[in-house]
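In what follows, a single structure is set out as structure tokens and then discussed.
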Amino acid sequence: MSRAVEVSKDIYYIGVSDPDIRTFDIIMKTANGTTYNAYLIKTVDGVIILDTVKEEFSDEFFSKVESLCSYDEIKYIIMHHLEPDHSGALPELTKRAPDAKVFISPMAQPMLKSIAKTDNMKFETVWTNKELTLGGKTLKFLSTPNLHWPETMSSYLVEDKILFSGDVFGSHYYDNRLFDDLVGDFNYAFKYYYDHIMRPFKSDVIRALSLYETLDIETICNLHGPIIRKNPSKYMELYKKWSSTEDRLHGKKIISIFYVTSYKNTKNMAHSIYEGVEADENLIANIYDMTALDEQNMITILEESTGILIGSPTINGDVPKPVWDLLSCMMLLEKKGKFGGCFGSYGWSGEAVEMMNSRLKALKFRVPLEPMKIKLIPTKEELHNCYVYGVEFGEMVNGKMVEMTL
Ligand code: FEO
């Protein structure tokens, strides 16, 4: 069991290590394990605890707390994020320190109640510009929703220039040397973590950075992986670069058309739709056979595309696997403002098109047109209808045609 580590005078790391975890939140691989970071601030008037740890590591967490203070000294508990990897030890902590008040964002309130399983927990909600002072230490709160859950927030310790960033700037990377200037190379883990946790919320990352950029930050105390103290601005710049939408297309929007095909019928529909989209010189149309794309390519293309059209036949009453693979990549992307549509040829029942369409709607894509379904081999006239569908979809994406509510 490791000991508490001083991050700065009177500020301690009281987190725990999970070196053997190999999958996090079902979707992330963690080759180097991870850490659940938590912190403790000692002041002349009492103690502030910032976040807790996953429940199964509670003993180590409490032993670190006890090495630094008694429970009646704990005045405040700041919960930047309530995911169980950080809130697991909270119910027990509030039992041991019943007079401590918990600070959370307003969005966290219903979740705190369900975690606490009691109505007796004292809490207060805070947001940007709210402050907490204790024994000469000032914590400024910052609303940073969606990074990584809707209720997440950050805080800034004014006197020590420390940003407590929550999940932001984290890495699933265990190294007991703890600080970025002492651990091994965690660059890949930092980017991988960004891609899986932050990339779906790029606009929220940009909004959070605009708050962070007003602060003089010397140290970033995050919730996972190395604490960043050597060059915090380097990591802030990386987040900015990865979250910014650069205009390398000179204002043109991309519409990507994905298809799978059994007998070239859906493929022929895709090509006619492609020609319709291409008719607008302010759009860039791309066309892809999904069976030849790997996941990384799918993610890159989807990320760059403002409009996404997916075509598939129906096989055994279902959508074939390459299409589900494409649709499952959407989990890692920001969908805000993206348009979607579906098409496909079918032989008998043709359920695939509706299934894909429902999925796009559930993912909060804007789906402005009815899906395009054609029985078996498209006629010349039907292919012309596909062309018109491509033109109309392009006009919707370009804002030239008013979107219908379907
Ligand atoms: Fe580290 Fe989103 O919890």
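Tabulated data
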{"read-out": "Segment 198-347 - Debye-derived log10 I(q)/I(0), Cα point model, q = 0.18, 0.21 Å⁻¹", "value": "-1.05, -1.30"}
{"read-out": "Mean Cβ count within 10 Å, highest first, over the residues of peptides 2-15, 255-268", "value": "255-268, 2-15"}
{"read-out": "Options 396, 61, 89, ranked by Cα towards positive dipole end of the chain, top entry (Cβ charges)", "value": "396"}
{"read-out": "Cα-centred dipole magnitude for segment 5-243, charges only on beta-carbon of K, R (+1) and D, E (-1), debye, nearest 20", "value": "580"}
{"read-out": "Dipole magnitude of segment 187-239 about its Cα centre (Cβ charges: Lys, Arg +1; Asp, Glu -1), debye to nearest 20", "value": "180"}
{"read-out": "Percentage relative contact order, segment 41-97, counting C-alpha pairs under 8 Å, at least six apart", "value": "48"}
{"read-out": "Orientation-averaged projected area, Cα convex hull of segment 1-112 (nm²)", "value": "7.6"}
{"read-out": "Stretch gain in nm, segment residue 275-residue 361, where the contour uses 0.36 nm per residue and the Cα spacing is subtracted", "value": "28.5 nm"}
{"read-out": "Principal-axis tilt of helix 265-278 within the chain, Cα atoms, nearest 10 degrees", "value": "80"}
{"read-out": "Order of exposure, largest accessible area first, which applies to 367, 158, 44 with probe 1.4 Å", "value": "44, 158, 367"}
{"read-out": "Cα-derived Rg to Rh of segment 136-280, Kirkwood definition", "value": "1.17"}
{"read-out": "Stokes-Einstein translational diffusion, segment 79-131 - Kirkwood Rh over all Cα pairs, 0.890 mPa s, 25 °C, in µm²/s", "value": "216"}
{"read-out": "Calculated log₁₀ intensity ratio I(q)/I(0) where the Debye formula runs over C-alpha points of segment 5-243, q = 0.10, 0.12, 0.14, 0.16 Å⁻¹", "value": "-0.40, -0.60, -0.84, -1.14"}
{"read-out": "Loop sites in segment 196-291: GluC sites (Glu not before Pro), DSSP, at most 11 other Cβ within 10 Å", "value": "213, 246, 281"}
{"read-out": "Principal-axis tilt of helix 232-243 within the chain, Cα atoms, nearest 10 degrees", "value": "20"}
{"read-out": "Counting DSSP beta bridges with both ends in the chain, the antiparallel % (nearest 5)", "value": "45"}
{"read-out": "Globularity ratio of the chain, using Cα Rg and 2.2 N^0.38 Å", "value": "1.17"}
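The values are calculated or read from the model by the stated rules, or taken from the named source; none is laboratory data. Keep in mind the model is a prediction, meaning the values are calculated, not measured. Here Cβ is always computed from backbone atoms with ideal geometry, including for glycine, and neighbour counts include all displayed protein chains. All accessible areas refer to the heavy atoms of the entire protein, side chains included, with ligands and DNA or RNA removed. Shrake-Rupley method; radii C 1.70, N 1.55, O 1.52, S 1.80 Å.
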